[in-house]
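> Can you read through this structure? Questions will come right after.
The values are calculated or read from the model by the stated rules, or taken from the named source; none is laboratory data. Remember, it's a predicted structure, so these values are computed and weren't measured experimentally. FYI the Cβ positions are ideal-geometry reconstructions off the backbone, even for glycines, and counts take in every protein chain you see. Just the protein is used for accessible areas: all its heavy atoms, side chains included, with ligands, DNA and RNA removed. Shrake-Rupley method; radii C 1.70, N 1.55, O 1.52, S 1.80 Å.
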Amino acid sequence: MIGEFDMELTQKLANGYKKANKKRKSEILTEYCSLTEVSRNTASKRFCKEIENVYPRVFPTNKYKRRGPRSKFNSIHKEIIRGCWELGGNICAERLHTMLPTYLDQLYIRGMLKIYSRDQIEKTRSISLGTLKRVISNFPRTSNKRHKGNASIYKHVPIVAHFSQFTDRPGHVEIDFVEHNGGVSSGLFAVTGTYTDIFSGWVVRAAGLGKNENSVSSIDKKAQSRIFHRVLHYHPDNDKSILKVLFERMKSNSNSKKHSFILSRSRPYRKNDNAHVEQKNDDKVRKLVGYWRYDTPEEVDLLNKLYEKADLLDNFFIPSSKLIEKIRDTNGRVIRRVHDRPKTPFQRLIECEELSEQEKQKLKRIFKSLDMINLRQENNKILQILSDIKLQSSRKRIMI
């Protein structure tokens, strides 16, 4: 970085450097280098940059007109041609040229060329193929890609890249889905929706069969019922099903201050935009139910029963620590991470001043009604049933 003294000295000597001859420039550089202890090459670059800032170069405008004959077709003729081109379905110039008289007659009969004179229409009719190619090449091209599903939802949901900036208050929820396909993506299989409040670590899981809109809507309703504080902001990935469900819910709740929320999405193919929920996918879903394939309604029901018990355990009894600071060395490498004292999501919400007293009382009532040992036993029973089902199905496949 250039220091304050160097900058003032550069500004002072730059004008003299600009007007000086070669010998005087060499003397100025020698004097500058002795005072600032920089190389002559660096000093020369500084003077050139300062001179350019003070005396910017003015490029001469082109006073000469375009060479060649004057164009016969003006913007009016191009408008008529564009109307014919759009009528033909944006076809190429070779195909349009053969049908141009027919298209002009069709537009004229329907009265869509009333604002143009007869001479302008007739002149357009006489355009050559080469000129038509040049005119069409300047028209904006429409994409031939057809997005699957309701791709227009992306226009209504903005991208927020750094969602972790909202870790200072509750109500900001990341959403992601885990597929239980057993490594085979064909057919219908279960998916788990994971909802994570990035302030408290409150996690809610719900399962559905398939990733269609009805299944995702059912997952969203189950997750809503187990988030006991107000959600201010939902942040899923770019999955169209969940975006559509949340967007419809956001529109229906727009007039209610109590239930209204903001909706955003992460950048495509950037998993770190949803880092908190991605970590929960591994810790709270994969480590719990494994990598089996779940593809029957009975298995989905068992998953939902399991998640109901597991959510109560994790949110009220299992503590976790939050990252406070990263300590780096002189090269910028992280050498140590500092975490806060481990707390449960329930404790973090109770200690939060922004949560209403009514919401805190509701959480306390739920906590008092829970029996951790009973929850753990029920949790293990459901896991054992799921494990037995998968072992039986794997044995049948081996026998076949």
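> Quick one: dipole size for the chain, taken about the Cα centre, charges +1 on Lys/Arg Cβ and -1 on Asp/Glu Cβ, in debye to the nearest 20.
So the dipole magnitude of the chain works out to roughly 2100 debye.
> Note down the nm distance, to one decimal, between modelled labels 7 Å out along Cα→Cβ at ILE115 and at GLN377.
Rounded to a tenth, the inter-label distance reads 8.1 nm.
> Another question, if that's okay. If Lys and Arg each add +1 and Asp and Glu each add -1, what is the summed charge of the other residues whose beta carbon sits under 10 Å from the beta carbon of ILE80? Mind dumping the intermediate values first?
Working: positive: LYS78, ARG82, LYS123, ARG125; negative: GLU79.
Its environment carries a net charge of +3.
> Find how much the distance from SER185 to GLU122 grows on full extension, using 0.36 nm per residue of separation minus their present alpha carbon separation; answer in nm with one decimal.
That works out to 16.7 nm of additional length.
> Moving to a separate point now. Extending each Cα 7 Å along its Cβ direction at ALA161 and LYS12, get the distance between those two points in nm, one decimal.
4.2 nm
> For a quick check of understanding: with a 1.4 angstrom probe and all protein chains in place, what accessible area in square angstrom does PHE346 have, to the nearest ten?
20 Å²
> Another question about this same structure. Roughly how big is the range 183-258's charge dipole about its Cα centre, with Cβ charges of +1 (Lys, Arg) and -1 (Asp, Glu), in debye to the nearest 20? Spell out each step's value before the answer.
On the way: 12 positive and 6 negative charges, 67 e Å.
Around 320 debye, computed over the range 183-258.
> What's the magnitude of the charge dipole for the range 314-400 around its Cα centre, counting Lys and Arg as +1 and Asp and Glu as -1 at the beta-carbon? Answer in Debye, nearest 20.
The calculated dipole for the range 314-400 is roughly 500 debye.
> Something else about it: Determine which lysines satisfy two conditions relative to LYS123: a Cα distance under 24 Å, and not lying fewer than 8 residues away in the same chain.
Hits, sequence-local ones excluded: LYS72, LYS78, LYS114, LYS133.
> Rounded, prolate or oblate: which one fits the range 243-400, using the alpha carbon gyration tensor with axes a ≥ b ≥ c (rounded when a/c is under 1.5, else prolate when a/b beats b/c, else oblate)?
Verdict is rounded for the range 243-400.
> Here's another thing I want to ask about it. Using helices alone, I'd like the mean residue ellipticity at 222 nm for the chain: each DSSP H run of four-plus residues gives -39500 (n - 2.57), total over residue count, nearest 500. Can you show the working numbers first?
Values: 15 runs with 196 residues, N = 400.
Mean residue ellipticity at 222 nm (helix-derived): -15500 deg cm²/dmol.
> Using the Cα gyration tensor of the range 287-349, with a ≥ b ≥ c the square roots of its eigenvalues, what is the shape: rounded (a/c below 1.5), prolate (a/b larger than b/c) or oblate (neither)?
oblate
> Once the dipole of the range 325-388 is set up with Lys and Arg at +1 and Asp and Glu at -1 on Cβ about the Cα centre, which of ASN331, LEU375, LEU386 lies farthest towards its positive end?
With unit charges placed on the Cβ atoms, the residue in question is ASN331.
> Is the shape of the chain best called rounded, prolate or oblate, per the rule: a/c under 1.5 gives rounded, else a/b larger than b/c gives prolate, else oblate, with a ≥ b ≥ c the square roots of the Cα gyration tensor eigenvalues?
oblate
> Got a sec to turn the phi values of the range 305-315 into Karplus ³J(HN,Hα) couplings, 6.51 cos²θ - 1.76 cosθ + 1.60 with θ = phi - 60°, whole Hz, x for Gly and Pro?
Calculated HN-Hα couplings, in order: 5, 4, 5, 4, 6, 5, 5, 5, 5, 5, 7 Hz.
> Could you compute the net charge surrounding LYS19? Neighbours are other residues with a C-beta less than 14 Å from the C-beta of LYS19; K and R count +1, D and E count -1.
Around LYS19, the charge tally is +4.
> Taking the dipole about the Cα centre of the chain, with the C-beta of Lys and Arg at +1 and of Asp and Glu at -1, give me whichever of SER75, VAL160, ALA190 is farthest to the positive side.
Farthest towards the positive pole: SER75.
> Pairs LYS155/LYS287; LYS305/LYS326; LYS221/LYS284; LYS251/LYS364; LYS23/LYS49; LYS211/LYS322: which are spaced more than 30 Å apart, C-alpha to C-alpha?
LYS155/LYS287; LYS305/LYS326; LYS251/LYS364; LYS211/LYS322
> Net charge near LEU243: determine it from the other residues with C-beta under 13 Å of the C-beta of LEU243, scoring Lys and Arg +1 and Asp and Glu -1.
+1
> Could you give the accessible area per residue of the chain, probe 1.4 Å, as a whole number in Å²?
Per residue, the chain has 64 Å² of solvent-accessible surface.
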